[in-house]
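Here the structure is laid out as structure tokens; the discussion comes afterwards.
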Amino acid sequence: MTMVVCIIAVIAVGAIAVGALASLGTSGWFGFGFGPYTDFTFDRDEASMPAVVTLEIDVGAGGVNIQFAEDMDLLYDIDIRVENSTLTQHGEPTVVYSSDTITVDYPAARVNVTLGTGTTYVIDVNTRSGGISTTIDVAAQVGNITLATSAGDIGLVATDAVVWSGNVTIDLSATTGGISVDVDLPAGVGGRFGASVTTGAIDVDSVTWTEVLSNFYETSNYLTASQRVAILAQTTAGGISADLS
């Protein structure tokens, strides 16, 4: 079992960092437009994984990106970028792992998370101002997912390589912001999708899911499938788009 914490300080945008600046995930996701900042990296491997791990992230302002890597020993690899002014006010961010729960709680930051494939993850992310992007692929094992933001966009991508853990509920909620869903379920898994918008448009593209009620879709096997994934997307002001297969 190992845990590594790496801190990289950047004096100004475009300045040379002290030490090597590791890649922070999806190209451009951590693009500039930030003030002078400091990067923090937290890594942890586990030789013996618990059956289920919960990821809880609460960020006041900034954004969260979650992705997976084909690595059975990786528990988490988390990069946190904090403006130096925020750092002075609130101190260094931390990643706490206790009782099979990974916790990140910080007032303002950009958080990039890479999870492994050796355990099932339950994901709960909340931002008050900032987007949330989650891509679930490879042989990722996933349980219930909750992504919520007061102001920001939410994006969820899940491929048919995902191993869903039992009957899964995915709750996507934005007060002000758009929601994008691209889900390809494995064969035999039943799917349900519901969308609700107060102000904005709903656009659902699917040839295999049927609209059973207004903005409410199901696969033909949803009621009979031994395993089901139910997705609810709701926003007060912003559009919802979904590609379901």
Going by amide H atoms built from the backbone, whose H comes under 5 Å of the H on residue 167, apart from near neighbours? 228
Average projected area of the Cα convex hull of segment 75-211, in nm²? 9.7
Taking 25 Å as R0, compute the FRET efficiency from the Cβ-Cβ separation of residue 70 and residue 182 and round it to 0.05. 0.80
Within-13-Å neighbourhood charge of residue 172 [Cβ basis; K, R +1; D, E -1]: -4
Please compute the length gained on full extension between residue 138 and residue 58, using 0.36 nm multiplied by the number of residues separating them and subtracting their Cα-Cα distance. 26.2 nm
So what J values fall out for segment 216-223 if you push phi through Karplus, 6.51 cos²θ - 1.76 cosθ + 1.60 with θ = phi - 60°, rounded to Hz, Gly and Pro as x? 9, 10, 9, 6, 5, 9, 4, 6
Amide H contacts of residue 174 (H built 1.01 Å from N, under 5 Å, at least 5 apart or other chain): 149, 234, 235, 236
Work out how far the C-alpha atoms of the chain reach from end to end along every principal axis, then list the three figures in whole Å, largest first. 56, 44, 28
How much net charge surrounds residue 103 when only other residues with a Cβ under 14 Å from its Cβ are counted (Lys, Arg +1; Asp, Glu -1)? -4
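No lab work stands behind these numbers, since they all come straight from the coordinates. Computed from a predicted model, the values in this text were never measured in an experiment. We place every Cβ from the backbone using ideal geometry, glycine too, and count neighbours over all the protein chains shown.
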